[in-house]
Every structure is written in structure tokens, then in C-alpha cells.
Amino acid sequence: MFNPTSNTRSQTIAAKRANQAFRIWQSHTLILALFAVKYLVWQLLTMPLTGDSPRNLHWGLLTAEQPGFPLNTPDTYERIKSFPPHSESLSIRKLYANSPGVLHHWRGPVVPLVLAAVWACTHSYTLLRLVIPLAGTGAVLLTYALARTWFAPRVALIAAAFLAFLPLFRDFASTAYSEAFSAYILTAALLAYARERTFLAIILGALAMLSKLDLVLLYGGVVGSCILYALLAGERYPKLLHHIAALIGPIILASPWIWIHYLHGGSGAPTKGLSLELFGIIAPQMLQLLFYIPWYGALITLAAIVWCVFVAIRTSVIPRFTLVLLGIWLGLGLLITLIYAATPGAGNSPWVFLPALPSLALLFAVGFAQLAIQRRRRIAIYTCWSLYRCESSRDRILYSGNTKLHASMVDSAQPAAGLCLDRAILDDYPLCAPTGYLVRER
């Protein structure tokens, strides 16, 4: 027998569930989850460990075994240098003749210690590979949270999408490159600073400075510039004390490492001279590797992004303090990238710009939201086309400046003792010698 009461009740329950699903979608929770989880899925499905990423994981394993490694203890498991290859042309830099290396003086102890902690607690190489993808996920979510501090949800979602799908960030956040972790920890520190969480800003700011050399300039420069703006704006004692503590606290905590490791106890500078000739070679390559498309496409894409940033700066939507923070963050990131391009011994990838990408994402999102609907559609269509081009070419990108091949790595979830080698296609790229690391018994 038909029961109208039961039918009405089921319709009411269905309507409530549909309303709940709509609210979840409207709150951007599901969309952000889709943006963020793709780094983990990509790493689990394809297991890419390219370029420097196996070395970074190796540093984590080494630190768990030899905790003194971040304090300049020689890496006896480093590259296989004890014998030359059968063909000298495969080792044009003759690294086999060098003595065992130490932790690079541009890098801090935080990432090796985090990887070492994961390995010591789990002894799972799979979980170890997911540390940096998780940091990339965190960077996307924190970019959304930082944007929500000042802007509407739609602008925050655009900023998160821009960062999540930018080819450069998506590539390095899917592997074990520590620059994605740098973007995560720096964004977390500046988010705490912007929301006036003084103690949290001090701790996270110190961790940022202890992650990599360039974050000392990025965090210190951003907060220092905000202090100058606060003084000029005539802010009173409580807020001014927060600004000063957020700068002085991390410097005090990180100063021993900065002096001993980054600056070699005052005996050496972070870079040993710059080369204008090298800059002319590396900078155009960096432009192409920023989007993984030819230079003309990269210039058009960059012009569209710069236009949106210019629109954001011209409008009065961004508060003055926020504009100072984001502008200095972006400007210092660009300066560091240009210095890196002129530094002998550096690579031709713009990965050093990754920590500044959240600021670019926020400024782009604000400007994009201010454009007329027709212009937004054109930029969105072109951006989708650029991402498609990137997908079709990203799997075989030659890093010619450092003779690195961006290709798939020979790896497994639980590697046995032996060598973990780049799958360099030597027939196609005879100058790309494979780089090996000893992998102990798991």
C-alpha cells in the first residue's frame, strides 16, 4: 500500500543530502582535495625520482644512519666515484676523481632530518617518497588559506588552482625535490606572520631559514620590509612588537647554522662570483623550463601572467600591507632566480623560484578576478592549452646546463641492495652520464 508519509520522508532525506553535497562543493573542500591529492597519486602510480630527488632521499637515509651528516660529515655512500666508466665520454666532469662530498652549503638540515625521521619510524621507502608530495599538497592548501586571510573564496580558489597546475610546481612537488618543501614551510611561516601568531611565526620562520639558504633572504626580506612599512604607517606598540619578534626570533635561532654552514664561518660567500655570459645562456632555458613549452609559448604565457599581476597591483582591492608582503616576496624570489642563473655550477632549472610561487599565485588570482569576463575566458582557454602542451612534452626534458636528463627513474617501492640509477637514454643523449647512489639493504 502506498505510504505518502514515507515517500515525503525519503524525499526530505535526499534533499538534505543533496544540500550537504552542494555545501561541501561550495566550500571548495572537495575541489581543494582534488587539487592537492594529485601529487601523491602521481608519485604512487609512476614513482618518478628524477634529477636531484634520489639524492635528497639518499640524504634522508644517510642522516638516519649517520646523524652527523648535516654537520659536514662526509657522505661515504655518495656518488660512485671510485672508478671511471668504461668510456670517459660518459663522465665528462670526472666526478669519480673527487673525494666524498658533504651536505651542500646552500642547504639546511631540516629536509634531511624530516626524511630521516620518516625512515627511522617506518623503514618504508614508499612513505619516504611521499614526504615531498605531501609538502606540495600542504603548499597548495596553505596558499588557499593565505589568500582567504585577505580575499574572497573565489580568489583563493583561483590562487590554489594556479599553483597546483603550474607546470614547474606540479613537476617538482610530485618528486623528492626539496624546493617544494621550501615553498610549504615558507608559506606556513608567512601565514602565521600575517595572522599575527607570533610564537608560531618564530618557530616556522626559523625552520624556513634552516631549510635552505635562499629562504633566509626570502623570509627575512619580506618580514623586514613589512617592519619598515609598519614604522612608516605609524603602527603602535603591540603590532610593532609582533613584527620585530617575527624577524629577530628566527634569526637568533638560525644564526649558528647560517654562520657555520651557509657562510663557512665567515671564510666564504654563498656564491663565488657571477657570470654574465653564463646568465645569457641559462636565463632563456629557465624561461622554457618554467612552463615546459618553447620560448615563444613561454613568453606569451608569462605575458598573460604579468598582465594579471599588473592589474592586481593597480587596483585598490589589495590592502597596502598585503601588497608590500606579496610584492617583496615575489621580487626577492625573482632576484634569487636571476642570481642563480648567473652562478657558475648552478643548473638551468628555475626550481629556486618555487618558494616565491605562492605570492605569484595570489597576485595572479586577484588580477584575474578583476578582468572582464571575455578576457578571463581567453586567458583560461590559453592556460588550458599550455597545460596540454606541457603534458605532451614534460616526460623528456633535457637539462643541458648540468647534463641532467629528466626521465623516469629505475626504482621500486622497496629497493634491494644495489644501485639506484637514472634511466639515461645514452644512445640519444651520450653526454648524460647516469648518477648512482648506493642503497643499503632495507
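The values are calculated or read from the model by the stated rules, or taken from the named source; none is laboratory data. Keep in mind that this is a model prediction, so the values were computed, not measured. Methodologically, a virtual Cβ is constructed for each residue, glycine included, from the backbone with ideal geometry; neighbour enumeration extends over all protein chains shown.
Here are some notes:
- Test: residue in segment 136-154 that is farther than 30 Å from Gly249 by Cα and in contact with a helix residue (DSSP H, G or I) (Cβ under 6 Å, 6 or more places away or on another chain): no
- Taking the criterion of being modelled with pLDDT under 65 and among the aromatic types (Phe, Trp, Tyr), the only residue of segment 23-49 that qualifies is Trp25.
- Annotation note: of Thr73, Thr126, the sole residue that is closer than 19 Å to His261 by Cα, of a type in the set (Val, Ile, Thr) and at pLDDT 75 or above is Thr73.
- Residues of segment 346-353 include at least one that is modelled with pLDDT of 75 or more, in contact with a Leu (Cβ under 6 Å, 6 or more places away or on another chain) and either surrounded by 19 or more Cβ atoms within 10 Å (Cβ to Cβ) or not in a helix (DSSP H, G or I) (or both).
- Cβ-Cβ distances below 8 Å connect the following pairs, each with a first residue in segment 325-347 that is among the aromatic types (Phe, Trp, Tyr), a second residue that is assigned to a loop (DSSP other than H, G, I, E, B), and a separation of six or more residues or different chains: Tyr340/Ala346.
- Restricting segment 247-280 to residues that are aliphatic (A, V, I, L, M) and within 24 Å of the chain's Cα centre (by Cα), the residue that is modelled with the lowest pLDDT: Leu263
- The number of residues in segment 311-345 that are among the hydroxyl-bearing types (Ser, Thr, Tyr), in contact with a helix residue (DSSP H, G or I) (Cβ under 6 Å, 6 or more places away or on another chain) and outside any helix (DSSP H, G or I) comes to 1.
- Segment 215-242, residues that are of a type in the set (A, V, I, L, M, F, W, C) and surrounded by fewer than 19 Cβ atoms within 10 Å (Cβ to Cβ): Leu217, Ile227, Leu228, Ala230, Leu231, Leu232, Ala233, Leu240, Leu241
- Residues of segment 51-70 that turn out to be in contact with a strand residue (DSSP E or B) (Cβ under 6 Å, 6 or more places away or on another chain) and in a loop (DSSP other than H, G, I, E, B), as a count: 1
- Filter result for Gly367 (closer than 26 Å to Ile227 by Cβ and either over 18 Å from the mean Cα position of the chain (by Cα) or not aliphatic (A, V, I, L, M) (or both)): no
- Scanning segment 78-123 for residues that are in a loop (DSSP other than H, G, I, E, B) and polar (S, T, N, Q), we see that the one that is modelled with the lowest pLDDT is Ser82.
- When the criteria are applied in full, Leu287 fails the requirement of being in a helix (DSSP H, G or I), modelled with pLDDT of 90 or more, surrounded by 15 or more Cβ atoms within 10 Å (Cβ to Cβ) and of a type in the set (A, V, I, L, M, F, W, C).
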